[in-house]
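Here it is: the structure, laid out below.
The values are calculated or read from the model by the stated rules, or taken from the named source; none is laboratory data. Because the structure is predicted, anything quoted here is derived from the model rather than measured. Quick reminder, even Gly has a Cβ in these numbers, built from the backbone with ideal geometry, and neighbours come from all protein chains shown.
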Amino acid sequence: MTPKEIGMMIKALRDGKEVICPECKTGKIITPYNPKTSTYFNCTTCNFKIHMEPAEKR
């Protein structure tokens, strides 16, 4: 995936839209938390995970 595609996928996840897993192509990427604030998303079928670290404020 290109950085642009990753950015579009993260934006769709944050908006609560359904995103198909880029790895297995059959599962959906979900989070057990609020999608607007969550830093963790995973696939319902395979082991694909996204874990974003929040930016540190200086």
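Evaluate the stretch 41-51: report whether one residue or more is over 8 Å from the mean Cα position of the chain (by Cα), surrounded by 10 or more Cβ atoms within 10 Å (Cβ to Cβ), at pLDDT 90 or above and among the β-branched types (Val, Ile, Thr).
Yes: one or more hits.
Quick check: is even one residue across the stretch 22-34 exposed (fewer than 13 other Cβ atoms within 10 Å of the Cβ), modelled with pLDDT under 95 and in contact with a Lys or Arg (Cβ under 8 Å, 6 or more places away or on another chain)?
No, there is no match, as no residue in the stretch 22-34 is exposed (fewer than 13 other Cβ atoms within 10 Å of the Cβ), modelled with pLDDT under 95 and in contact with a Lys or Arg (Cβ under 8 Å, 6 or more places away or on another chain).
Suppose we keep only residues that are among the charged types (D, E, K, R) and part of a strand (DSSP E or B) within the stretch 24-58. Which one would you say is farthest from ILE6 (Cα to Cα)?
So the first thing to find is which residues in the stretch 24-58 are among the charged types (D, E, K, R), and the list is 25, 28, 36, 49, 53, 56-58.
Then drop every residue that is not part of a strand (DSSP E or B), which leaves 28, 49.
Numbers: LYS28: 15, LYS49: 13 Å.
Selected residue: LYS28.
Here is a check on your reading of the model: is ARG58 at pLDDT below 95, surrounded by 10 or more Cβ atoms within 10 Å (Cβ to Cβ) and of a type in the set (D, E, K, R)? Step through it out loud before you land on a result.
On the way: at pLDDT below 95: yes; surrounded by 10 or more Cβ atoms within 10 Å (Cβ to Cβ): no; of a type in the set (D, E, K, R): yes.
Answer is no for this residue.
To keep it simple, each residue is scored yes or no on (1) of a type in the set (Lys, Arg); (2) touching a Cys at 6+ places or on another chain (Cβ under 8 Å).
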| residue | (1), (2) |
| --- | --- |
| MET1 | no, no |
| ARG14 | yes, no |
| VAL19 | no, no |
| GLY27 | no, yes |
| LYS36 | yes, no |
| TYR40 | no, no |
